[in-house]
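A.B. asks: So that we are looking at the same thing, I have put the structure below in C-alpha cells.
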Amino acid sequence: MADSRTLLTELENRISALASASAGTVVIGVAGAPGAGKTTLVESLVRELNGAVDDVESQRFAHIPMDGFHLSDRELTRLGLLGRKGAPETFDAYGYAALLERLRSPRTAVVYAPGFERTLEQPLAGDIPVFPAAKVILTEGNYLLLDRPEWREVRSRCTEVWYCQPDEDQRVQRLVERHVRFGKTPEAAAAWVRDVDGPNAQLVQESKHRADVVIRPAWT
C-alpha cells in the first residue's frame, strides 16, 4: 500500500502522460465502493494538478462527481426507491454519460454540472462550472465499471477508469462516521451501511476486474 504522497505523484504522472498523448479532453473515472475515499483522492489530485492557478476559469483540471446525478427524493418516492437511495437505479446514469460526452467535445463556453449537497442529501443543478480551459476531467462514483447498459455508456466516455480499494475495515468505519456526521444516529448509520450500502458495495466490488488501474490508498 503506497503512502499518500507517493501515490499522488504516480497518479499525477499518469494523468499528465494521458493528457500529453491526447489532442482532446481526457476523462479519468475513479470507481469504488461507498466510503472508499474516491472524493478525497480526486480532490487531492485536482488541487495538486492545478497548483498555483487560483483563477477557476484558467484551471486545466476539473472534478465532476457522479453524486450530482442522484434522483431527487421526490422522484425516488414516485419510483418506490427512496429506501434504496444510492443503488445503481437511483441515479440518472444516461444523463451522467451525456454530460461526460459534452465535456469531451470541443467547448467554447462554460458547461454547468450538477453537484450534491450532503446536508440536504439532494442534487443541486448547475452547481459546478467547467470552463473551456479544463482539458482533464476527473470524475468519481460507485458504478463507473458496472456491466449494465446505462453504466457502460458512462464507461465509454472515460479515457481510463481506476478502482479505489482501501482497507475494508477503514472503509466501513468511515462510511458509518459519514452517515452520522450528516444526521443519522449511530444505530441508524450502522444499519444503513449494513442493509443498503453493503449490497451496493458488493456490486461495485464485483466490477473491479474491469478497471484499468487498481489503487490501494493509505488514506486514514
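A.B. asks: Hey, got the dipole for region 1-160? About the Cα centre, +1 on K and R Cβ, -1 on D and E Cβ, debye to the nearest 20?
C.D. replies: Result for region 1-160 is approximately 340 debye, rounded to the nearest 20.
A.B. asks: Protein chains only, probe 1.4 Å: how do W192, W151 rank by accessible area, largest first?
C.D. replies: Descending accessible area places them as W192, W151.
A.B. asks: Give me the distance between the Cα centres of region 183-199 and region 144-161, rounded to whole Å.
C.D. replies: That distance is 28 Å.
A.B. asks: If you don't mind, there's one more thing I want to ask. What number, in nm² with one decimal, is the all-direction average of the projected area of the convex hull of the alpha-carbon atoms of region 104-220?
C.D. replies: Values: hull surface 35.2 nm².
Answer in nm², one decimal: 8.8.
A.B. asks: Just the Cα atoms of region 123-179: what Rg and Dmax do they give in Å?
C.D. replies: That works out to 14.9, 41 Å for Rg and Dmax.
A.B. asks: Rounded to a whole number, what % of the accessible area of the chain do carbon and sulfur atoms account for, probe 1.4 Å?
C.D. replies: With neighbouring chains kept in place, the figure for the chain is 51 percent.
A.B. asks: Quick one: accessible surface of R47, probe radius 1.4 Å, all protein chains present, in square angstrom to the nearest 10.
C.D. replies: Near enough 150 Å² of accessible area.
A.B. asks: Rounded to the nearest 10 Å², what accessible area does K135 show when all protein chains are kept and the probe is 1.4 Å?
C.D. replies: The accessible area comes out at roughly 90 Å².
A.B. asks: What figure, in Å² to the nearest 10, do you get for the accessible area of T77 with a 1.4 Å probe and non-protein molecules left out?
C.D. replies: Solvent-accessible area, nearest 10 Å²: 90 Å².
A.B. asks: On a 0 to 90 degree scale, rounded to 10, what angle separates helix 93-104 from the longest Cα axis of the chain?
C.D. replies: Long axis of 93-104 versus the principal axis of the chain: about 10 degrees.
A.B. asks: On to the next question. Rank I128, I137 by accessible area, highest first, at a 1.4 Å probe radius?
C.D. replies: From most accessible down to least: I128, I137.
A.B. asks: How far is it, in nm, from the label point at E117 to the one at R194 when both lie 7 Å from their Cα along the line to the Cβ?
C.D. replies: The two pseudo-label positions are separated by 3.3 nm.
A.B. asks: Which one, V176, V56, V136, has the greatest fluctuation when you compute a Gaussian network model over the chain with C-alpha springs under 10 angstrom?
C.D. replies: Most flexible of the set in this elastic network: V56.
A.B. asks: Could I ask something else about it? Over all directions, how big on average is the projection of the convex hull of the alpha-carbon atoms in the chain, in square nanometres?
C.D. replies: 11.9
A.B. asks: Would you mind working out the accessible area per residue for region 9-111, using a 1.4 Å probe, and quoting it in Å²? Provide the component values of the computation, followed by the final result.
C.D. replies: Details: 4800 Å² over 103 residues.
I get 47 Å² per residue for region 9-111.
The values are calculated or read from the model by the stated rules, or taken from the named source; none is laboratory data. Quick caveat, the model's predicted, so the values are computed rather than measured. Glycine also receives a Cβ, built like all others from the backbone with ideal geometry; neighbour counts cover every protein chain displayed. Note: areas computed on protein heavy atoms with side chains; ligands, DNA, RNA excluded. Shrake-Rupley method; radii C 1.70, N 1.55, O 1.52, S 1.80 Å.
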